[in-house]
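To keep things clear, I will list the structure first and then write my remarks on it.
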Amino acid sequence: MWHCFNCGNIVVGYMNGKGEICGECTRCGTCMVRVIKSKTHDTVNVYAPPGSTRYEDN
Ligand SMILES: [Zn+2]
């Protein structure tokens, strides 16, 4: 569980079986995919919902 990078809403993630944790914000629709690289390194990819851009770009 973490916060939406876009709007700060609580997002609940789920494992997708490929070492990735996916979460979709129910407020703004932003999709986040967290990839576990190692015990000390993971990355998060953030996808804006279709037809929208990140708030900070507006
Ligand atoms: Zn959000």
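Values computed for the structure shown
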{"quantity": "Residues (within 8 Å of the chain's Cα centre (by Cα) and basic (Lys, Arg)) located in the range 8-51", "calculated": "34"}
{"quantity": "Count - residues of the range 22-46 that are more than 16 Å from the ligand (Cβ to nearest atom) and in a strand (DSSP E or B)", "calculated": "7"}
{"quantity": "Subset of the range 1-21 that is in contact (Cβ under 8 Å) with a residue 24 or more places away in the chain and touching a Cys at 6+ places or on another chain (Cβ under 9 Å) - its residue that is farthest from the ligand (Cβ to nearest atom)", "calculated": "5"}
{"quantity": "The one condition in (1) loosely packed, with under 13 Cβ neighbours inside 10 Å; (2) in contact with a strand residue (DSSP E or B) (Cβ under 8 Å, 6 or more places away or on another chain); (3) not basic (Lys, Arg) that residue 31 fails to fulfil", "calculated": "(1)"}
{"quantity": "Some residue of the range 13-21 being modelled with pLDDT under 90, assigned to a loop (DSSP other than H, G, I, E, B), surrounded by fewer than 13 Cβ atoms within 10 Å (Cβ to Cβ) and at positive phi", "calculated": "yes"}
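The values are calculated or read from the model by the stated rules, or taken from the named source; none is laboratory data. Since the structure is predicted, the reported quantities are computational estimates derived from the model, not experimental observations. Counting neighbours? That spans all protein chains shown, and the Cβs are built from the backbone with ideal geometry, glycine included.
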